[in-house]
């Protein structure tokens, strides 16, 4: 997989899409993004000191039903990177990676599908906080340096993340880092919120919870882990 490092881009996801016509697997990283974005159209703080990576991957015959595996793999790659430096990450469904209850990375997935309901390609964007200024997100986000109690160089974190993204992973690697199963969580679906017990995550990414003795399968919802 070709790796391209750039100083400044608007968005690494947009930058890596320039290689779509070549149908080539490519990773693009940047020192800084001027137009980084997260899920639901939110902006993503992308100052120097973080690792900003987007991977373009093409597939042959991968069913759309297995799309969650792409997201799970990205979360595992982040977790392995944090672990390599001595941190203890956990995954909050579906793909938030937390340390001490605070978000250490953002993951944005863009999949493209064929008429045969297969995944043609994916663009996986990862923003990892390493030693960037998160003062405006105090209590919400954490850097890798803060998480492990020592300065971590951005370049060594970048190389670690690239290596971990390129390494294979299994669904069991994802599940082993999900630590809220069996515990009470708060679920919010639109304007409705309720408490439930997290039972498990299915291979397709849906979350099973129990509420008032009934099992509910969630495809999309906001959850809060009750620490």
Two-decimal ratio, the stretch 86-214, of alpha-carbon radius of gyration to 2.2 N^0.38 Å: 1.22
The stretch 120-134-the stretch 178-199 distance, computed between alpha-carbon centres (Å): 26 Å
Segment residue 140-residue 18, length gained on full extension (0.36 nm per residue, minus Cα span): 40.6 nm
Contact order relative to length of the chain, as percent, for alpha carbon pairs under 8 angstrom and 6 or more apart: 17 percent
Ranked by how many other beta carbons lie within 10 Å on average, peptides 85-95, 190-200, 163-173 from highest: 85-95, 163-173, 190-200
Whole-angstrom gap from the stretch 1-38 to the stretch 67-93, using each part's C-alpha centre: 21 Å
Sum of -39500 (n - 2.57) over DSSP H runs of 4+, divided by residues of the chain (222 nm, nearest 500): -5500 deg cm²/dmol
Reported label for calculated percent of Cα pairs over 25 Å apart given (i) 48; (ii) 40; (iii) 34: (ii)
Mean Cβ neighbour count within 10 Å, used as a protection proxy, ranking 127-137, 50-60, 216-226 highest first: 50-60, 127-137, 216-226
Efficiency of FRET from Cβ geometry, residue 66 and residue 186, R₀ 25 Å, rounded to 0.05: 0.30
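Just so you know, all these numbers are worked out from the coordinates, no wet-lab data involved. From a predicted model like this one, the values you see are computed outputs, not experimental measurements. Counting neighbours? That spans all protein chains shown, and the Cβs are built from the backbone with ideal geometry, glycine included.
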